[in-house]
Each structure stands twice: as structure tokens, then as C-alpha cells.
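Student: The following block contains the structure, expressed as C-alpha cells.
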Amino acid sequence: MVMFSKFRRFEIMDENNRRAKFSDLSVALLEGDYPPVTNLFYQSDKKFMKLDWREVKEIDWKKREIKVSDLNAAEEVSLERKKEYVLLQHEILDALILDLQNRRSIRANDLQLEEIGGRLQLQAADTSFNAILRRISRGLYNRISQSGLYDWKYVEFLRGEPQAVRSGAGYHLRITRLSTGEIAQLAGYLPYLHAAELITLLPDAKAAKTLEVMPIERQLQVFEELDEKQGVDLLARMAPDAAADLVGLLQPKTMRRYLEKIPRRQSERIIELLRYPEDTVGGIMTNDIAFLGEDLTIGEARNLIPEKFSETDFVHLVYIVSDLKSRCLRGVVHLRNLFADNEEKLKDIMDPFISTLNATDAAKEAAYRVVESQLAAMPVTDADGKLLGAVTIDAAIMHIAPAMNAEGLRIFS
Amino acid sequence: MNNEPTPEGLEALDSINAELPTEPRKLPSGIRVRIRGRSINLRGLKRPPKGLMRWLLILGPGLVATSAGNDAGGIATYSSAGAKFGYQLIWVMLLLTVSFAIVQEMCSRLGAATGRGLLDLIREKFGIGWTLFIVGIVIIANGGVTLSEFVGIGAASELLGVSRYISVPLGAVLLWYLVIYGSYAKVEKIFLLMTLVFFAYPVAAVLGHPDWGAVARGAFIPTIKWDSDYIFLLVGVLGTTITPYIQIFQQSSIVERGAARRHYGDEKIDAYVGSIFSNTMSVAMIIATAATLYVAGKHDIESAADAAKALEPVVGSSATAMFAVGLLGASLLAGAVLPLATSYAVSEAFGIPKGVNLDFRRGRVFFSIFTALIILGAGIALIPNVPVFSLLVGVQVLNGVLLPIILVFILLLVNDEGMMGDLKNSAVYNFLGWATFAMITIAVVVMLGGQLLDLLGIKLFGG
């Protein structure tokens with residue numbers, strides 16, 4: 001085991017006793033949990049030279065020498081080609097890394113390398129203060145703190161460049177093991193370009209949910225760094241209320257372009273929500289809700305669920321309407337009521353005593369009503385009683401408790 | 001469910017709906033947008049306010065950071081410049097405004113383009129050695145200046161008739177509470193409101209009945225004196241105006257405010273307005289003391305409180321009160337900005353979560369550094385006869401060493417095309433930036449050289 005800070009002071013020597021000063025190591029980031037070292041770099045006459053790691057014959061740990069067969073086998077690497085390699089010194093050392101076990105971002109103060117089966121591999125990132133002392137003492141201080149070492153298997157390395165993902169740079173996607181809330185929280189600690197890179201590398205469904213729970217200002221910063229195709233995909237997958245909040249912040253031209261590109265159904269929902277000012281009930285409601293006609297039986301309703309509500313945002317409560325065209329609100333049933341085994345009609349089991357909100361009412365008062373009602377959501381109707389959407393308890397809390405806005409609350413939807 | 005008896009006082013939805021008001025609330029007009037061939041009125045689009053409000057909302061980190069530079073030490077330097085040399089140093093302030101604005105704007109641009117603070121970038125691009133060197137100096141220098149701010153709070157409150165034993169702890173608790181429990185947006189608003197106290201200085205300047213012709217001559221006809229006091233004050237004015245913590249704070253707060261590279265523009269205005277505002281206030285301080293103390297022959301001013309006290313017999317208690325109010329506000333503002341700049345710097349250097357928006361659980365190190373500096377600053381300021389002046393001289397030396405280094409890093413970073421893209425420095429900016437670096441470096445060499453030679457008993461200049 002050797003720390004990279006120590007390894008950097010090793011000298012390269014070939015069989016003809018030619019010497020060169022070590023410059024960097026490249027690793028194959030995606031090859032296993034512990035990336036193997038692939039190339040050795042040194043500088044010669046201001047040129048950046050690359051030598052395949054297979055040319056390394058022996059590492060003399062005592063003499064601090066890396067013995068290679070022939071330094072002449074090295075090839076010059078241009079600045080442009082240098083970008084193709086993941087370099088330990090140049091890219092990973094001192095960079096922000098994600099420690100997935102502790103769900104935090106931290107700087108890699110040093111890197112631990114290990115020789116296993118003749119291969120040198122990146123084993124851990126040292127985030128301790130001891131690592132800094134080792135580096136500045138130039139070998140005089142050698143203590144390693146085990147508690148500061150983070151197994152590379154649980155580390156995600158970001159470059160701070162969203163375009164790196166698009167240009168095919170490798171990522172382990174270990175981050176996808178975390179929940180969307182945890183990813184959003186981690187992204188909150190990162191500079192916005194790192195956060196955008198994180199969103200870019202996630203699968204679209206997870207990226208959309210993660211984006212939803214980020215604070216709205218961060219959502220905008222990140223969204224604007226995505227390419228248009230991914231932006232369209234994410235807007236199409238986001239809950240309409242979250243998508244409307246985000247789209248509402250875009251420049252009108254950009255907003256129009258996105259609304260024309262996302263699927264029509266989602267676009268219509270977003271547009272419906274954007275018709276209401278943000279300080280009204282319509283401005284905080286969601287219109288992606290479950291509703292069924294009152295004349296359906298429980299059995300018929302149950303059969304419709306997979307087809308109609310598999311992608312619906314808010315399904316905890318199912319609103320019962322006169323018919324699907326006029327959508328005049330009649331009552332509500334809880335989703336669990338639809339698992340009862342009988343042929344009763346929905347209008348016979350629904351709760352007709354429900355409070356409603358008007359889409360043009362003040363949002364703040366309505367939010368208090370939802371919270372005080374202890375309901376998962378309160379339906380929103382127009383003046384004629386037509387069901388327009390619902391204000392969920394999450395949206396209500398977010399509206400009245402500014403501190404909660406730091407991280408979006410999306411439990412019920 | 002509907003088989004249950006209807007509870008008394010409740011009616012089914014049908015009857016409730018029948019009683020709902022049919023007149024909907026009148027909604028404000030929205031923006032008409034044509035989407036997929038349909039013209040739709042959208043009221044939910046968030047548009048920036050127009051008119052004066054829009055301009056006021058642009059102001060933020062730039063104005064706060066640059067105003068914090070007019071702290072107790074700054075007021076002392078500018079007052080001393082006015083008391084000792086009248087209006088002769090005003091031209092330096094005009095020249096410095098350009099440099100100041102350029103440097104502050106580059107920091108804003110770096111913050112918006114990268115989303116990272118200055119120490120984040122220095123660590124990533126220049127390594128741990130330089131980072132530790134800078135962070136070490138920042139902690140010591142900012143700690144010393146924070147102490148001087150609390151001494152300033154105490155002195156100003158005593159001029160206004162309130163004991164320092166009340167004002168210093170009270171000020172410390174207020175600042176601590178504001179930053180620990182406030183959001184970034186709230187803290188920024190309060191800081192912006194605090195900058196209003198600086199208007200006390202133009203009022204004090206007018207109360208001093210200056211000779212405006214002489215002011216104009218001082219502003220537009222450069223005077224150079226080969227006199228050690230003049231040269232050192234000139235260097236002092238330079239070092240007080242452009243100080244490392246102002247750049248660190250500005251870039252970090254731009255990042256925390258959420259500026260992004262695609263909309264960079266407003267931050268530029270903020271940086272320019274802040275620099276112009278701050279230096280205008282500095283000029284007002286010079287004019288206020290030049291018109292009164294210099295004319296009355298009171299040339300030796302060591303602190304801002306000295307200047308305020310000296311004003312009383314010359315122009316009366318109103319100017320003194322104005323000076324004291326300004327000093328109190330300036331010290332309070334800098335008393336919060338300096339520990340914050342330090343917390344940002346340390347957190348960025350080591351990759352620790354940072355930001356006023358965090359809660360204490362998530363920003364333990366960030367808030368602990370802030371808290372420690374506030375407690376140390378306020379605590380030491382209450383000890384009688386603390387040698388603040390000698391301490392400030394030491395701090396000035398440290399900041400002097402740091403400033404050229406920080407400027408080089410800013411200039412190198414802002415020219416990194418891979419990182420900055422379209423926001424890379426233009427040729428004009430580079431010329432002005434490197435000219436500022438040269439000017440600052442000469443000033444620092446003169447200051448440090450002068451102090452060294454002074455220790456050896458050698459006089460560099462006459463006078």
C-alpha cells in the first residue's frame with residue numbers, strides 16, 4: 001500500500017539507467033470497484049510523456065524507484081489528448097468527491113494505491129487532515145488515519161463539467177443507489193456545475209425526481225446546464241406542478257420551445273397550471289391526480305387503475321366525479337377502499353363531505369387549510385364545482401414553511 | 001360510507017358547491033404566449049420586477065463586500081488621509097475605483113461561471129500548498145481585523161453615549177443570531193440595509209463646509225509628495241480599498257446567491273455599483289476630515305473614533321454623531337462579513353459544506369469558525385487597552401503580502417478558457433487587471449520595504 005503523495009516523489013528509471021521525474025498516473029475508472037493504473041506519465045523537455053503501465057518491471061519501495069524497461073517506449077501526449085485520461089494528480093487529487101457511505105461531499109486530500117496481483121490500483125481516498133500534513137511535510141510526516149480513508153468502492157468522482165457525461169467520460173453510477181432526496185441533498189453541497197453533472201449522469205426517471213426535490217433556484221441553475229434533449233425528457237417525467245414551477249422561471253422563448261417539444265399531455269397540464277399566478281391555489285396545486293366516474297363499480301375501478309394511474313403523480317386519494325367529461329366533483333375515496341371485494345358503486349362508498357379549494361383563492365390561506373385538515377390533499381375546483389386538481393400536504397407545507405423550501409418536500413407526490 | 005347518518009351541521013358536496021361564490025377572484029394579467037398554434041395567457045410565469053425595484057434587487061454581494069471594506073480601519077485611514085493631506089489624496093481614490101471595480105467584477109464572474117468560491121478554485125487549480133498559505137493568512141488577518149471591528153463598535157457606541165460593555169456583546173449576539181438563524185437572502189437584505197449608514201459620511205462632509213474648488217483640484221490634479229507620511233498613507237489607502245477578504249466574500253456570496261453563467265450580467269452591475277458607492281463614501285470621509293481637521297491643523301488621527309472626537313470642537317456634535325453612526329454601522333457590517341469570508345475560505349479550501357443557508361447540523365465547521373471569530377473578536381475587544389493599532393499594522397502587513405498573490409490567482413483563473421468559456425477576460429480587462437496587480441505590488445513592496453528599513457533605522461523618503 002502506498003499513498004499517492006509519496007508515490008509522486010518516486011523516480012522513474014529504465015534498464016539503461018535513464019531517469020525521469022514522475023508526473024502523473026492515469027486510471028481506468030470503470031474497470032472494477034478499484035480502478036487499475038493504466039499509464040505512467042512523466043515530463044521530458046517540457047513534453048508530457050506517456051508510458052504504458054505494462055512497461056513497469058518493478059517498484060522498488062525502499063529506493064523509491066519505478067523501474068521500467070525502456071523510457072524510449074514512451075509517447076508524447078498533446079494537451080488535447082491528455083483530456084482523454086483520468087489523471088490522479090491532475091483530476092482526482094484535491095477534487096470534490098462524493099462519499100456515498102456518509103452522504104457528503106469532501107475533497108480528496110490524498111489517494112491510497114495498492115499493488116494487488118501485480119496491478120497497482122486506486123484503493124481509497126484519504127480525506128483526513130493527516131493527508132494534508134503528509135503532503136506539505138514532503139515525507140517527514142507519514143501518519144495515516146484509517147478513519148479518513150474512504151473505500152473507492154463507495155466514492156463517486158465528479159469533474160464539475162456536465163458536458164463530460166455527454167462526451168462519454170466514465171462514471172460508476174454508484175450514486176443511483178441513493179434515494180432521490182439524498183442525491184438532491186448531496187447536490188445541494190456541490191457547486192452547480194457538479195450538480196448538473198450529477199443530474200446528467202442519472203437515469204432520466206431518477207434525474208427528474210431528484211430535480212423535483214431540489215430548491216427551485218438550484219433546479220433552474222442545473223436545468224440550464226443540461227442539453228435540450230435531456231431537458232425535454234426530464235420535464236416530461238417531472239410532476240406537472242414541479243415542472244410548471246421550473247418552466248415558469250425560464251425565458252419566454254425557451255419556455256415556449258420546451259412546451260412545444262415535451263409530450264402534448266404533459267405540456268397541457270403544465271400550461272393549465274401556468275395559467276394561475278403563483279400566489280393562488282392554482283399556483284401551488286397539482287393536476288396530475290386520480291379521478292373516476294361515480295357510476296363505476298369498485299371492481300371496474302380497480303381494473304382501470306393500472307391503465308389510468310400507473311404514472312399519475314398523486315394517487316393516495318381518488319376523486320369521484322359525476323362523469324369524466326364534466327368532472328363535477330362528487331366525493332373522494334382512499335386508494336385502499338378500492339381493494340374491497342364487492343360490486344358496490346363508487347358513489348356508494350365515497351365520502352361526499354369534503355372541503356374544496358377554489359383555484360383562484362389565495363395560496364397561503366389554502367395551504368394553512370390543507371395542513372390543518374390533516375388530509376393528504378384537498379381538491380381544487382372552479383366556480384362550477386369542476387375538479388381541477390389538488391393541493392397536496394407537501395405543497396402546502398412548502399408554501400407556508402420557508403425553511404422547508406431548502407429541500408423540496410415530495411412525499412405524497 | 002354514505003350509509004352513515006349525516007352528521008349535524010354537515011352537508012354533502014352537492015349542496016356546498018351550490019353555495020360557492022360564482023365570481024372568481026380577479027387575477028392579474030399574465031403574459032400571452034403562442035404555443036402549438038394557440039395563444040395562451042400565462043399568469044404563473046415568474047418575471048423579474050421592473051423599474052426601481054429591479055435595480056435595487058440587482059444589488060447584493062458587490063455592494064455588501066465593497067462597503068465592508070470601509071470598516072473601522074478603512075475609516076481611520078481615509079480620515080487620516082484627509083486630516084494630514086487635505087484633499088490631495090482624492091485623485092488616488094478615483095484611480096483606485098477603476099481597479100477596485102475590475103477586481104471585484106472578475107471575482108463575480110469567476111463565481112458565476114464556475115459556481116465555486118475563490119479558495120475552491122485555488123485549491124483545485126494551484127494545489128494544497130498555496131491554499132494552506134492563503135487560508136493561514138486569511139484566518140490570522142481576518143481574525144485581527146474582526147477584533148478591530150468590535151473595538152470600532154465599542155468606540156462608536158461610547159461616542160453615542162452607550163457603554164462598550166453593552167454595545168459589543170449586544171452587537172456580537174445580534175450578528176451571530178442573524179447569520180446562524182437567517183437565510184442567505186435575509187442576511188443579504190439586512191447587510192444591504194446596513195450600507196445605508198454610510199450616507200452619514202456625505203452628510204458629515206457637507207456639514208464641514210468644504211472648499212469644493214479645492215476638492216475638484218484634489219480629485220483631478222494628481223499630487224505626488226516624496227514624503228514618507230504621504231507615501232505610506234497613499235499605500236495605506238490602496239491596501240485598505242482593495243483587501244483580500246472583500247474578494248473572497250464577494251465570490252463566495254455570488255455563488256451562494258445562485259448566480260449562473262448563462263445569465264451573468266446583473267452581477268457585473270452590482271460589482272461596479274458597489275465599488276463606486278464604496279469609494280464615493282471613502283472620498284466623503286476624506287473631504288469631511290480635510291475640510292475640518294486639516295484646516296484646523298489637527299493632523300494626527302490614529303483611529304476612526306479619534307477622527308469623530310476631533311471633529312466635535314471644529315464643527316460641533318452633529319458631525320461627530322454622523323461619524324459615530326457611520327463607524328458603528330460600518331463596524332457591524334464588517335464584523336459579520338469578515339468572519340463569514342473566513343468561514344467561506346476555510347470551508348472551500350477543505351471541501352466542507354458551506355453557506356449561510358445551511359443549518360448548524362449541516363454546516364457545523366462553517367458556523368463554528370464564524371462563531372469562534374465573533375466570540376474572540378468581541379471578547380478581546382472588551383479587554384481594556386488592547387493594542388489595536390499595533391495589531392492592525394501587523395494585519396496590514398499580512399494582507400499586503402496576500403493581496404498580490406490573490407490578484408495573480410484571480411487573473412490566472414479568469415483567463416482559464418476551459419473553465420470560463422465566454423466569460424474569459426477580455427484584453428482590456430487583462431490590461432487593467434495586470435496594471436492593478438503591478439500598482440498593488442509596488443505599493444506592497446514600498447510598504448514592506450519601508451517598514452523593514454524603518455526597523456534598520458534607514459529613512460526611505462524625506463519628511
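The values are calculated or read from the model by the stated rules, or taken from the named source; none is laboratory data. Predicted model only: the values in this text are computed from it and were never measured. Heads up, the Cβs are rebuilt from the backbone with ideal geometry, glycines too, and the neighbour counts pull from every protein chain shown. Calculation scope for accessible area: heavy atoms of the full protein, side chains included, ligands and nucleic acids excluded. Shrake-Rupley method; radii C 1.70, N 1.55, O 1.52, S 1.80 Å.
Student: Would you tell me the mean number of C-beta atoms belonging to other protein chains that fall within 10 Å of each C-beta in B:32-42, as a whole number?
Tutor: What the average comes to for B:32-42 is 5.
Student: Then there's this: Hey, how much of the P(r) for the range A:239-325 falls beyond 23 Å, as a percent of Cα pairs?
Tutor: Cα-Cα pairs of the range A:239-325 separated by over 23 Å account for 33 percent.
Student: B:V346: accessible area at probe 1.4 Å, nearest 10 Å²?
Tutor: The value for B:V346 is about 20 Å².
Student: If you average the sequence gap of Cα pairs under 8 Å that are 6 or more apart and divide by the length of the range A:154-298, what percent do you get for the contact order?
Tutor: Contact order relative to length: 18 percent.
Student: Let me ask something else. Using the Cα centre of the protein assembly as shown as origin and beta-carbon charges of +1 (Lys, Arg) and -1 (Asp, Glu), tell me which of B:T289, B:W91, A:W61 is placed farthest towards the positive end of the dipole.
Tutor: B:W91
Student: Let me ask something else. Toward the positive end of the charge dipole of the protein assembly as shown, about the Cα centre and with charges on Cβ (Lys, Arg +1; Asp, Glu -1), which of B:P49, B:I248, B:L398 goes farthest?
Tutor: B:L398
Student: What's the magnitude of the charge dipole for the range B:26-163 around its Cα centre, counting Lys and Arg as +1 and Asp and Glu as -1 at the beta-carbon? Answer in Debye, nearest 20.
Tutor: 1680 debye
Student: To the nearest 500 deg cm²/dmol, what mean residue ellipticity at 222 nm is calculated for chain A from DSSP H runs of n ≥ 4 alone, each contributing -39,500 (n - 2.57), summed and divided by the residues?
Tutor: -9000 deg cm²/dmol
Student: Between A:I397 and B:S183, what's the calculated FRET efficiency when r is the beta-carbon distance and R0 is 22 Å? Round to 0.05.
Tutor: With R0 = 22 Å, the Cβ-Cβ based efficiency is 0.85.
Student: Which of the three applies to the range B:343-417, rounded, prolate or oblate, going by the alpha-carbon gyration tensor with a ≥ b ≥ c and a/c under 1.5 meaning rounded?
Tutor: Note, shape of the range B:343-417 comes out oblate.
Student: Mind running the shape call on the range A:105-200? Use the C-alpha gyration tensor, a ≥ b ≥ c as the square roots of the eigenvalues: rounded below 1.5 for a/c, prolate if a/b tops b/c, oblate otherwise.
Tutor: prolate
Student: Considering only DSSP beta bridges where both residues belong to the range A:266-350, give the percentage that are antiparallel (nearest 5).
Tutor: Taking every DSSP beta bridge with both residues in the range A:266-350, the antiparallel ones total about 55 percent.
Student: Also, quick follow-up: Note down the accessible area of A:I116, probe 1.4 Å, to the nearest 10 Å².
Tutor: Approximately 80 Å² for this residue.
Student: Using square roots of five times the C-alpha gyration tensor eigenvalues, list the equivalent-ellipsoid semi-axes of the range B:73-164 in whole Å, biggest first.
Tutor: Ellipsoid half-lengths, sorted descending, are 32, 22, 13 Å.
Student: Where nothing but the Cβ of Lys and Arg (+1) and of Asp and Glu (-1) is charged, how large is the charge dipole of the protein assembly as shown around its Cα centre, in debye to the nearest 20?
Tutor: Dipole size: approximately 1920 debye.
Student: Figure the gain on full extension for A:K153 and A:I116 (residue separation times 0.36 nm, minus the Cα-Cα span) and round it to one decimal in nm.
Tutor: Computed gain between A:K153 and A:I116 is 11.8 nm.
Student: Roughly how many nanometres apart are two label points built 7 Å out from the Cα toward the Cβ at A:Q163 and B:W434?
Tutor: Simple spin-label model gives 2.6 nm for this pair.
Student: A further question follows. Ranked highest first by average number of other Cβ atoms within 10 Å, how do A:2-8, A:274-280 line up?
Tutor: Sorting A:2-8, A:274-280 by mean packing, highest first, produces A:274-280, A:2-8.
Student: What is the average number of partner chain Cβ atoms found within 10 Å of a Cβ in A:269-280?
Tutor: 5
Student: Could you state the accessible area per residue of the protein assembly as shown in Å², with a 1.4 Å probe and every protein chain left in place?
Tutor: Value for the protein assembly as shown: 42 Å² per residue.
Student: Based only on the alpha carbon positions, what is the Kirkwood hydrodynamic radius of the range A:300-358, in angstrom?
Tutor: For the range A:300-358, the Kirkwood estimate is 12.3 Å.
Student: If you don't mind, another one. Just from its helices, what would the mean residue ellipticity at 222 nm be for chain B, if runs of 4 or more DSSP H residues each count -39500 (n - 2.57) and the sum is divided by every residue, rounded to the nearest 500 deg cm²/dmol?
Tutor: Taken over chain B, the calculation gives -23500 deg cm²/dmol.
Student: Continuing with this model, one more query. Using only Cα atoms, what is the ratio of the radius of gyration of the protein assembly as shown to 2.2 N^0.38 Å?
Tutor: Output field value: 1.12.
Student: Taking each full run of DSSP H in chain B as one helix, which ones are at least 27 Å long along their axis (Cα atoms) and have mean Kyte-Doolittle hydropathy of at least -0.5?
Tutor: B:90-114, B:118-159, B:266-289, B:317-350, B:388-414, B:427-455
Student: I'd like the antiparallel share, as a percent to the nearest 5, of DSSP beta bridges with both residues in the protein assembly as shown.
Tutor: Of those bridges, close to 85 percent are antiparallel.
Student: Within a Cβ distance under 14 Å of A:T297, other residues only, what is the Lys/Arg minus Asp/Glu net charge?
Tutor: -4
Student: Projected onto the charge dipole of the range A:321-381 (+1 at Lys/Arg Cβ, -1 at Asp/Glu Cβ, origin at the Cα centre), which of A:L335, A:A363, A:M378 gives the Cα projection farthest towards the positive end?
Tutor: Projecting each Cα onto the dipole axis, the largest value belongs to A:A363.
Student: If the limit is 25 Å between Cα atoms, which of A:K62/A:K82; A:K46/B:K125; A:K206/A:K253; A:K261/A:K386 go over it?
Tutor: Where the Cα-Cα span goes over 25 Å, the pairs concerned are A:K62/A:K82; A:K206/A:K253; A:K261/A:K386.
Student: Compute the Rg/Rh shape ratio of the range A:305-399: radius of gyration over Kirkwood radius, all on alpha-carbon atoms.
Tutor: Result for the range A:305-399 is an Rg/Rh of 0.97.
Student: Using only the Cα atoms of the range A:1-129, what do you get for the radius of gyration and for Dmax, in Å?
Tutor: Both quantities, over Cα of the range A:1-129: 14.7, 49 Å.
Student: Just the number, please: Stokes-Einstein D of the range B:154-207 in µm²/s, Kirkwood Rh from C-alpha pairs, 4 °C, 1.567 mPa s.
Tutor: For the chosen part, D equals 100 µm²/s.
Student: Based on the mean of other Cβ atoms within 10 Å per residue, sort peptides A:338-347, B:232-241, A:308-317 so the most packed one is first.
Tutor: Peptide ranking by packing, descending: B:232-241, A:308-317, A:338-347.
Student: Here is a further query. Using a simple charge model, +1 on the beta-carbon of Lys and Arg, -1 on the beta-carbon of Asp and Glu, nothing else, what dipole does chain A show about its Cα centre, in debye to the nearest 20?
Tutor: Taking the Cα centre of chain A as origin, the dipole is about 1640 debye.
Student: Same structure, new question: Which of rounded, prolate, oblate describes the range A:175-239, given a ≥ b ≥ c as roots of the alpha-carbon gyration tensor eigenvalues and a/c under 1.5 marking rounded, otherwise prolate only if a/b is larger than b/c?
Tutor: It is rounded, given that a/c, with a ≥ b ≥ c, falls under 1.5.
Student: Relative to the longest principal Cα axis of chain A, at what angle does helix A:252-261 sit, 0 to 90 degrees, rounded to 10?
Tutor: So the helix axis and the longest Cα principal axis differ by about 80 degrees.
Student: Now a separate question. Would you tell me the mean number of C-beta atoms belonging to other protein chains that fall within 10 Å of each C-beta in A:319-329, as a whole number?
Tutor: Taking the mean over all residues of the peptide, I get 1.
Student: Next question, about the same structure. Would you please put A:190-199, A:138-147, B:285-294 in order of how densely packed they are, using the mean number of other Cβ atoms within 10 angstrom per residue and starting with the highest?
Tutor: Output ranking for A:190-199, A:138-147, B:285-294: B:285-294, A:190-199, A:138-147.
Student: Can you put A:E31, A:E15, B:E256 in order of accessible area, largest first, using a 1.4 Å probe?
Tutor: My answer, sorted largest first, is A:E15, A:E31, B:E256.
Student: Enumerate the lysines that B:K84 could reach by cross-link, defined here as Cα to Cα under 21 Å, with residues fewer than 8 away along the same chain left out.
Tutor: B:K225, B:K298, B:K309, B:K459
Student: Restricting to Cα atoms and excluding each atom paired with itself, what does the Kirkwood estimate give for the range A:60-122 in Å?
Tutor: 14.9 Å
Student: How large a share of the accessible area of chain B, in percent, is made up of carbon and sulfur atoms when the probe is 1.4 Å and the other protein chains stay in place?
Tutor: 66 percent
Student: Here is a further query. How many square angstrom of accessible surface are buried between B and A, both sides summed, with a 1.4 Å probe and rounding to 100?
Tutor: 5200 Å²
Student: Still on this structure: How large is log10 I(q)/I(0) at q = 0.11, 0.12 Å⁻¹ when the Debye formula is applied to the Cα atoms of chain B, each weighted equally and without solvent?
Tutor: Taken in order of the listed q values, log10 I(q)/I(0) reads -0.86, -1.00.
Student: Moving on. Name the long-range amide H neighbours of B:L42: under 5 Å, sequence gap of 5 or more, or other chain; modelled H, no Pro or chain starts.
Tutor: B:I31, B:R32, B:V33
Student: I would also like to ask the following. Does anyone have the angle between helix A:264-274 and the longest principal axis of chain A? Alpha-carbon axes, 0 to 90°, nearest 10?
Tutor: 80 degrees
Student: Now a separate question. Roughly what angle does helix A:298-309 make with the longest principal axis of chain A, taking Cα atoms, 0 to 90 degrees, to the nearest 10?
Tutor: Between helix and principal axis, roughly 40 degrees.
Student: Cα convex hull of chain A: mean projected area in nm², to one decimal?
Tutor: Result: 25.3 nm².
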